[in-house]
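Since the structure comes first, as structure tokens, the remarks are kept for the end.
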Amino acid sequence: VQLQASGGGLVQAGGSLRLSCTASGRTLSITQGWFRQAPGKEREFVAAISWNSGRLFYGDPVKGRFTISRDNAKNTVYLQMNSLKPEDTAIYYCAADYDVPIYSGTYYWGPTYWGQGTLVTVSS
């Protein structure tokens with residue numbers, strides 16, 4: 001599975017951005033999602049969506065502000081980011097695997113497939 005991310009950029013606090021991640025290869029039944037990594041911080045789970053869109057997973061910092069969706073006809077997953085904050089500044093990575101995140105106080109997910117990152121910068 002190959003993943004291609006796009007849509008990052010510079011936005012002011014309170015603004016919106018939409019990231020896209022297009023998958024190719026063996027994409028049937030695959031869960032797709034996003035992680036992010038800010039400078040000097042560990043990689044953080046952002047969101048994921050199951051193949052049939054029946055299950056959505058969000059990290060606590062983005063709940064209520066970010067929305068993940070997918071269009072399987074286009075093999076593309078979207079991350080709509082609203083009410084952006086400076087602390088959302090990070091490199092965002094799309095990821096995929098055939099399992100789904102597991103919740104145990106927080107979401108745990110170790111996807112096999114990764115795309116290149118796309119930089120999101122939120123200015124104050």
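The values are calculated or read from the model by the stated rules, or taken from the named source; none is laboratory data. Note that the structure is a prediction, hence the values are computed from the model and not measured. Positions of Cβ are backbone-derived with ideal geometry, glycine not excepted, and every protein chain shown enters the neighbour counts. Just so you know, the surface numbers come from the protein's heavy atoms only, side chains and all, with ligands and any DNA or RNA stripped out. Shrake-Rupley method; radii C 1.70, N 1.55, O 1.52, S 1.80 Å.
Values computed for the structure shown
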item: Residues of the stretch 71-85 satisfying the condition of being hydroxyl-bearing (Ser, Thr, Tyr), open to solvent by 60 Å² or more (accessible area, probe 1.4 Å) and on the phi < 0 side of the Ramachandran plot; result: none
item: Any pair with Cβ under 6 angstrom, 6 or more apart, that starts in the stretch 29-58 at a residue that is touching a residue at least 60 places away in the same chain (Cβ under 8 Å) and ends at one that is charged (D, E, K, R) and not in a strand (DSSP E or B); result: Phe35/Arg43; Gln37/Arg43
item: Selection status of Gly117, modelled with pLDDT under 95 and closer than 14 Å to Gly7 by Cα; result: yes
item: So Gly64, is it in a strand (DSSP E or B) and either open to solvent by 60 Å² or more (accessible area, probe 1.4 Å) or in contact (Cβ under 8 Å) with a residue 60 or more places away in the chain (or both); result: no
item: Lone qualifier among Trp51, Trp34 - being in contact with a strand residue (DSSP E or B) (Cβ under 8 Å, 6 or more places away or on another chain), closer than 21 Å to Gly110 by Cβ and at pLDDT below 95; result: Trp51
item: Residues located in the stretch 10-32, provided they are assigned to a strand (DSSP E or B), within 15 Å of the chain's Cα centre (by Cα) and within 13 Å of Asp88 (Cβ to Cβ); result: Leu17, Leu19
item: For Ser50: the one exception among (1) polar (S, T, N, Q); (2) under 16 Å from Tyr93 (Cα atoms); (3) open to solvent by less than 30 Å² (accessible area, probe 1.4 Å); result: (2)
